[in-house]
Each structure stands twice: as C-alpha cells, then as structure tokens.
Amino acid sequence: MLNIKNLHVKLEDEDKQILKGVDLTIPAGEVHAIMGPNGSGKSTLSYVLSGRDGYEVTDGDASLDEHDLLDMEPEERAAAGLFLAFQYPVEIPGVGNLTFLRTAVNAQRKARGEEELSSGEFLKIVREKAKALQIDSEMLKRPVNVGFSGGEKKRNEILQMAMLEPRMCILDETDSGLDVDAMRLVAEGVNALRSPERSFLVITHYQRLLDHIKPDVVHIMSNGRIIKTGGPELALEVEKNGYGDLLAEVG
Ligand code: ADP
Ligand code: MG
Ligand code: MG
C-alpha cells in the first residue's frame, strides 16, 4: 500500500536537509506509529506525503498503491485515498462544517467515478458518524473549526476522516493538547475505521495514545531517518527510558 523509499527532502528556500533517507512500507490493514524527538522530521514527512509547498524532494520515491504520490497534486493524492489529520487543524471562516464535509465527500466520490450522495443520504451518514464522536448538530452547523476547542477540532478531523473513507490515514500528533476523554474518543474513532483495506500512520510523542490505538509496528525517527523499527514494546521502552538509549545505540 504505502511505500516510501530512500526519501530525501530539503527546505525549498534554504539549504537545509530535513529527511535523509526515509524507508517505510505500510501494508494494507496495518497501523504503524512513528515516535521520535522534536525536530526529527516527523511532520515534514507527513507534509511531503500530502504535497504541501515549501519542500523539495531531492531523492527517493513515495507511492500509494499504484500511484506515484510525488508526481501528484494534493487533491489527486486525496482522491487516491490519502488523508492527513494535522497537528493544527485549519479554521475556515464562512464555510459551514456540513457544507464543507458534503463538498469534500462528493468531490472524492466524483474523483472515484461514484455518484454524489443526495442530501438525505449525506445527512443520515454524517449524523450517525458525528454521534459516535459526540459531535452535536450545533457543531456541525458552525464554520469549520472556528472557535472549536482543541478537542473539538481533533474530533472534527476524525469525522472528516470517517466521511472520506480513505485508504491511508496519517495522523500527526492528533493527541497533542487532548485531555484523556477527548483522546479516548479520537482513538475510538480511529479504531472504528480500522479495516483490512485501510492503513494508518500515527505520529505521536506519547505512548499513551498507543494504549488506545494499538499499533502493529512502531518506528523511531531521529535526525531525518528511521533508526529503529519494532513492535508495540518499542513505544513502552521509549516511555520508560526516553530516546537517549536508542540514539546512543545508533551512534
Ligand atoms: P518533528 O515533527 O519531528 O518535530 P519537523 O518535521 O517539524 O519535526 O521538523 C524537522 C526539522 O526541520 C526541524 O529542525 C525544523 O525546525 C525544520 N523545519 C521544518 N519545516 C521548516 C520550515 N518550513 N522552515 C524552517 N525549518 C523547518
Ligand atoms: Mg514537532
Ligand atoms: Mg511535528
């Protein structure tokens, strides 16, 4: 499914190499976590996969199924089934949450050659999914993320994800700033979406999210590379000992 090979990325307008050869394969149905110290390039990896401006790929490849992601526009990547939930969800004043969701869902369906949902069908689905995330109808009517609390924004992103039914979901520090209850809701939302056809990349600083979203594989990233890969026990090791020992091992 997601296949990243020897990915090298630098800042576009500065001579600064950020990713220095990332290799990562996430098969269908698996949940992989990336942990690592601040500044190691975790967010850069998710930005580059989503096609954000400001970065230059100097070497390597990234593909999703048969699609060469690096050759595609951000909208094309989304249509191919890539979804990113960001550390800082954007606010969109003037656009109602429901309108935004419906436009996104129908654009996605169109790109996949499927028929648009009628407003009745759409409302039925969105209400059902919102309920599971404890998002009330008032929140659905407000402008996207405007005045939402941190927890509401994150739950709203999971709602977007649930509506778009992506193949590959990337969550970049979706847990940061969440209280325990909001984190559990987000984790349950993610778990409800787990399926043999869908994969997740969960970027997190903290092991506690991984108590709720059990990863199949954990990667440790440092200084633009994945320096260690293991099972869920690797996250526990980081929680207990910090990154110091792992970084020392690599030298
Ligand atoms: P992480 O998410 O692991 O904390 P980031 O990907 O945010 O790491 O950052 C990796 C490194 O690249 C950091 O040193 C950061 O300061 C730098 N960096 C990333 N994006 C930019 C940018 N747009 N301008 C300047 N430096 C950047
Ligand atoms: Mg950071
Ligand atoms: Mg980051």
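The single condition among (1) touching a Leu at 6+ places or on another chain (Cβ under 9 Å); (2) not in a loop (DSSP other than H, G, I, E, B) that residue 6 does not meet is (1). When each of 54, 36 is tested for being under 17 Å from the mean Cα position of the chain (by Cα) and of a type outside the set (Ser, Thr, Tyr), the lone residue that passes is 36. Filtered by the rule that a residue be at pLDDT 90 or above and assigned to a helix (DSSP H, G or I), region 138-155 gives 138, 139, 140, 141.
Can you tell me which residues in region 104-123 are assigned to a loop (DSSP other than H, G, I, E, B) and either modelled with pLDDT of 90 or more or not charged (D, E, K, R) (or both)? Across region 104-123, the qualifying residues are 113, 114, 115, 116, 117, 118. Which residue pairs have Cβ atoms closer than 8 Å, lie 6 or more positions apart in sequence or on different chains, and pair a first residue in region 161-187 that is more than 15 Å from residue 89 (Cβ to Cβ) with a second residue that is within 16 Å of ligand 2 (Cβ to nearest atom) and assigned to a loop (DSSP other than H, G, I, E, B)? If the second residue must be within 16 Å of ligand 2 (Cβ to nearest atom) and assigned to a loop (DSSP other than H, G, I, E, B), the pairs left are 183/175.
Evaluated against (1) of a type in the set (D, E, K, R); (2) over 17 Å from residue 168 (Cα atoms); (3) in contact with a strand residue (DSSP E or B) (Cβ under 9 Å, 6 or more places away or on another chain), residue 102 falls short on exactly one condition, (3). For region 9-57, a tally of residues being in a loop (DSSP other than H, G, I, E, B) and within 17 Å of residue 81 (Cα to Cα) returns 6. Residues in region 1-49 that are in contact with a Pro (Cβ under 7 Å, 6 or more places away or on another chain) and crowded, with 17+ Cβ neighbours inside 10 Å: 1, 31, 32, 33. The residues on offer are 24, 101, 84, 2, and the sole one that is touching a residue at least 60 places away in the same chain (Cβ under 8 Å), within 14 Å of ligand 3 (Cβ to nearest atom) and either of a type outside the set (Gly, Ala, Ser) or on the phi < 0 side of the Ramachandran plot (or both) is 84.
The values are calculated or read from the model by the stated rules, or taken from the named source; none is laboratory data. Since the structure is predicted, the reported quantities are computational estimates derived from the model, not experimental observations. FYI the Cβ positions are ideal-geometry reconstructions off the backbone, even for glycines, and counts take in every protein chain you see.
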